[in-house]
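J.: My structure is below; once you've seen it, I'll send some questions.
Each reported figure results from applying straightforward, stated rules to the coordinates on display, with no laboratory input. Remember, it's a predicted structure, so these values are computed and weren't measured experimentally. Neighbour counts are summed over all protein chains in view; Cβ atoms, including those assigned to glycine, are modelled from backbone coordinates with ideal geometry.
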Amino acid sequence: MASFGQTFDASSVEPSSNYDVLPPGKYLGQIVASEMRATKDGTGQYLYLEVDILEGQYAGRKLFDRLNLVNANPDTVEIAKRTLSSICRAVGKLQVSNSEQLHLVPMTLDVRVRPPKGMYGESNSIRYLPRGGASATTAPPAPSFTPPSAPAAARPITAAPTATPAANGLPWKRQA
């Protein structure tokens with residue numbers, strides 16, 4: 001139980017309204033709060049993000065995101081890491097050790113609407129983009145890949161495989 005220290009009069013304060021999903025579009029926003037939280041089953045953790053819309057008709061509205069950074073499913077972790085990379089690039093900080101380093105830096109939020117799923121109604125999803133662009137200008141150029149060269153004598157020469165029709169009629173399935 002928590003004591004308020006005084007009597008709260010609900011009739012003197014308007015109740016909070018239900019937040020409808022934001023319409024799809026690009027919004028200027030920033031992360032204002034974040035924390036690591038345990039997953040419902042207790043086996044993982046996610047980075048909880050609170051994001052504020054800064055301009056326009058929806059200024060002051062909040063969006064929330066979860067990045068499952070610790071999870072038994074490696075695909076889930078990979079998706080979360082890619083999203084975190086997008087956030088880092090959007091705020092121009094490619095190496096961070098604390099989520100607070102991502103706070104209060106304006107960026108473009110590409111907001112989309114996810115259809116209802118199960119018992120949950122429509123919800124927003126967010127893609128994070130640098131302010132005014134689709135890619136980070138502070139990111140270094142991607143290194144080009146140059147395969148190592150080996151002397152011609154060191155490379156084995158192999159004959160091209162001969163095509164043998166597969167018994168099942170599928171040309172990409174070869175008989176051994």
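J.: Using the count of nearby Cβ atoms within 10 Å as a rough guide to exposure, how do Val96, Val51 rank from fewest to most?
T.: Val96, Val51
J.: Under the Karplus relation 6.51 cos²θ - 1.76 cosθ + 1.60, θ = phi - 60°, what is the ordered set of whole-Hz ³J(HN,Hα) values for the range 45-52, x standing for Gly and Pro?
T.: Here the 3J(HN,Hα) series is 9, 10, 8, 8, 10, 10, 10, 9 Hz.
J.: Another question, if that's okay. For Arg114 and Gln57, compute 0.36 nm times the residue count separating them, minus their Cα-Cα distance, and round to one decimal in nm.
T.: Length gained, Arg114 through Gln57: 18.4 nm.
J.: Considering only the other residues whose Cβ falls under 15 Å of the Cβ of Gly56, what net charge follows from Lys and Arg at +1 and Asp and Glu at -1?
T.: +1
J.: Moving on. Quick one: length gained pulling Asp41 to Ser12 fully straight, 0.36 nm per residue minus the C-alpha distance? Don't jump to the answer; show the numbers that get you there.
T.: Details: separation 29, 0.36 × 29 = 10.44 nm, distance 3.95 nm.
Between Asp41 and Ser12, full extension yields 6.5 nm more.
J.: Report the net charge of residues surrounding Ile87, where surrounding means a beta-carbon distance below 11 angstrom and charges are Lys +1, Arg +1, Asp -1, Glu -1.
T.: +4
J.: If I model a spin label as a point 7 Å beyond the Cα along the Cα-Cβ vector, how far apart are those points for Val96 and Met1 in nm?
T.: Going from the Val96 label point to the Met1 one covers 4.2 nm.
J.: How big is D for the range 1-129, in µm² s⁻¹ as a whole number, if Stokes-Einstein is applied with the Kirkwood radius of its Cα pairs at 20 °C and 1.002 mPa s?
T.: Calculated translational D: 129 µm²/s.
J.: I would also like to ask the following. So for the range 22-85, what percent of the C-alpha to C-alpha distances run longer than 18 Å?
T.: 44
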